[in-house]
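*Asks:* Before I ask anything, here is the structure I am working with.
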Amino acid sequence: MEVVIVESVAELGSIVADAIESLLERKPDAVLGLATGSSPVPVYDELLARFARGRISFGRARAFLLDEYVGLPHGHPESYRSVIERSFTRRVDFAPGAVMGPDGNACDLTAACAAYESAIASAGGVDLQLLGVGADGHIGFNEPGSSLGSRTRLKTLTSQTRVDNARFFESKDNVPRHVLTQGVGTILDARHLVLVASGSGKAEPVAKVVEGPVTAMVPGSALQLHPHVTVVLDEVAASALALSDYYRETWAAKPPWQGL
Ligand code: F6R
């Protein structure tokens with residue numbers, strides 16, 4: 001696991017956008033895994049800026065969302081599908097149908113989860129998966145106790161996650177209880193995992209994910225089992241890491257040809 005500590009969220013966005021740009025240069029039809037929430041916004045903003053300058057194209061790429069609320073009406077402004085379209089995918093040149101998410105309105109949610117797994121597999125798997133981390137160490141919406149081998153399925157949000165997401169819904173009571181989420185095992189199938197975090201609320205979960213024991217109680221800690229993980233943090237989110245000096249030295253001495 002590589003840990004990169006940056007001075008600003010703009011730098012965080014730029015480093016991760018570099019990795020996505022380089023992937024799309026090597027493989028224009030790459031499959032991206034997209035997270036919603038606040039953490040990846042600097043990445044999307046930087047990608048939008050590069051797209052506007054004609055430096056990057058998503059015209060042959062495809063994308064899969066990590067998760068979706070269950071039961072929000074189609075087009076609800078806070079459905080993750082609407083959020084990602086508004087903040088990123090509709091503003092670049094993804095082809096129609098190239099961006100997929102779990103169907104939180106399906107009559108048969110179990111079948112929808114299985115279909116989503118098949119769609120990811122048929123696309124050849126995810127090349128680069130962007131991730132944020134929840135206050136309780138969740139990735140996707142895999143709350144504590146999630147099987148580290150889990151696949152896309154229905155989950156119940158913890159009270160803490162509903163409180164955290166109440167900012168998008170005016171009140172916790174309006175935050176759906178249920179979600180469909182890629183499982184921890186699904187996420188670990190992606191070829192490169194890139195977790196981004198900024199701000200003081202992320203210091204504790206980041207320390208548990210990066211340096212704590214691998215445990216279903218902190219689903220993000222499963223990233224330690226993956227061969228290619230990059231964690232990009234601002235100074236505050238990195239502040240509880242025991243080995244932060246080592247991560248800084250390693251990054252400063254990294255040969256430029258290595259990339260992320
Ligand atoms: C969102 C997702 C979640 C968020 C996490 C952090 O698609 O999968 O795991 O990444 O809840 O949310 P923010 O970034 O809003 O702090």
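The values are calculated or read from the model by the stated rules, or taken from the named source; none is laboratory data. All values reported here derive from a predicted model rather than from experimental measurement. All Cβ positions, even for glycine, are placed from backbone atoms using ideal geometry, and neighbour counts span all protein chains on display. The area values use the complete protein model at the heavy-atom level, side chains included, leaving out ligands, DNA and RNA. Shrake-Rupley method; radii C 1.70, N 1.55, O 1.52, S 1.80 Å.
*Asks:* State whether one or more residues within the range 84-97 are assigned to a loop (DSSP other than H, G, I, E, B), touching a strand residue (DSSP E or B) at 6+ places or on another chain (Cβ under 9 Å) and either within 15 Å of the ligand (Cβ to nearest atom) or touching a residue at least 60 places away in the same chain (Cβ under 8 Å) (or both).
*Replies:* Yes.
*Asks:* How about the range 19-67: which of its residues are of a type in the set (A, V, I, L, M) and outside any helix (DSSP H, G or I)? Break it down stepwise before answering.
*Replies:* Narrowing the range 19-67 to residues of a type in the set (A, V, I, L, M): 19-20, 23-24, 30-32, 34-35, 41, 43, 47-49, 52, 56, 61, 63, 65-66.
A30, V31, L32, L34, A35, I56, A61, A63, L65, L66 - these are the residues of the range 19-67 that are of a type in the set (A, V, I, L, M) and outside any helix (DSSP H, G or I).
*Asks:* May I ask you to list the residues in the range 161-190 that are farther than 19 Å from M100 by Cβ and within 10 Å of the ligand (Cβ to nearest atom)?
*Replies:* Selection gives T161, D164, N165, R167, F168.
*Asks:* Let me ask something else about it. Conditions: (1) under 19 Å from V133 (Cβ atoms); (2) of a type outside the set (G, A, S); (3) open to solvent by less than 10 Å² (accessible area, probe 1.4 Å). F58 meets all but one. Number of the miss?
*Replies:* Going through the list (1) under 19 Å from V133 (Cβ atoms); (2) of a type outside the set (G, A, S); (3) open to solvent by less than 10 Å² (accessible area, probe 1.4 Å), F58 breaks only (1).
*Asks:* For the range 35-46, enumerate the residues that are within 26 Å of V184 (Cβ to Cβ) and crowded, with 22+ Cβ neighbours inside 10 Å.
*Replies:* Those that are within 26 Å of V184 (Cβ to Cβ) and crowded, with 22+ Cβ neighbours inside 10 Å: A35, T36, S39, P40, P42, V43, Y44.
*Asks:* Being open to solvent by 10 Å² or more (accessible area, probe 1.4 Å), of a type in the set (D, E) and over 15 Å from the mean Cα position of the chain (by Cα) is the requirement here; does E68 meet it?
*Replies:* Numbers: open to solvent by 10 Å² or more (accessible area, probe 1.4 Å): yes; of a type in the set (D, E): yes; over 15 Å from the mean Cα position of the chain (by Cα): no.
Against the criterion (open to solvent by 10 Å² or more (accessible area, probe 1.4 Å), of a type in the set (D, E) and over 15 Å from the mean Cα position of the chain (by Cα)), E68 does not qualify.
*Asks:* Which residue pairs have Cβ atoms closer than 7 Å, lie 6 or more positions apart in sequence or on different chains, and pair a first residue in the range 140-168 that is more than 22 Å from I120 (Cα to Cα) and in a strand (DSSP E or B) with a second residue that is aliphatic (A, V, I, L, M) and away from the ligand (no atom under 12 Å from the Cβ)?
*Replies:* Final answer for the pair search is none.
*Asks:* Are there any pairs with C-beta distances below 9 angstrom linking a residue in the range 185-200 that is part of a strand (DSSP E or B) to a residue that is among the polar types (S, T, N, Q) and open to solvent by 10 Å² or more (accessible area, probe 1.4 Å), with the two at least 6 apart or on different chains, and if so which?
*Replies:* From residues that are part of a strand (DSSP E or B), the pairs are L195/S39; V196/S39; A197/S39.
*Asks:* If you don't mind, there's one more thing I want to ask. Please verify whether A123 is open to solvent by 10 Å² or more (accessible area, probe 1.4 Å), at negative phi and touching a Lys or Arg at 6+ places or on another chain (Cβ under 8 Å), treating the condition exactly as stated. Walk me through it before giving the result.
*Replies:* Numbers: open to solvent by 10 Å² or more (accessible area, probe 1.4 Å): yes; at negative phi: yes; touching a Lys or Arg at 6+ places or on another chain (Cβ under 8 Å): yes.
Here the answer is yes, as A123 does meet what is asked.
*Asks:* Show the residue pairs meeting these rules: Cβ distance below 8 Å; 6+ apart or different chains; first residue within the range 22-43 and more than 16 Å from the ligand (Cβ to nearest atom); second residue of a type in the set (V, I, T).
*Replies:* Every condition considered, the pairs that remain are L24/I56; V31/I120; V31/V126.
*Asks:* Another question, then. Collect the residues in the range 212-246 that are touching a helix residue (DSSP H, G or I) at 6+ places or on another chain (Cβ under 9 Å), assigned to a helix (DSSP H, G or I) and either open to solvent by 20 Å² or more (accessible area, probe 1.4 Å) or away from the ligand (no atom under 16 Å from the Cβ) (or both), keeping them in residue-number order.
*Replies:* Passing the criteria: Q224, L225.
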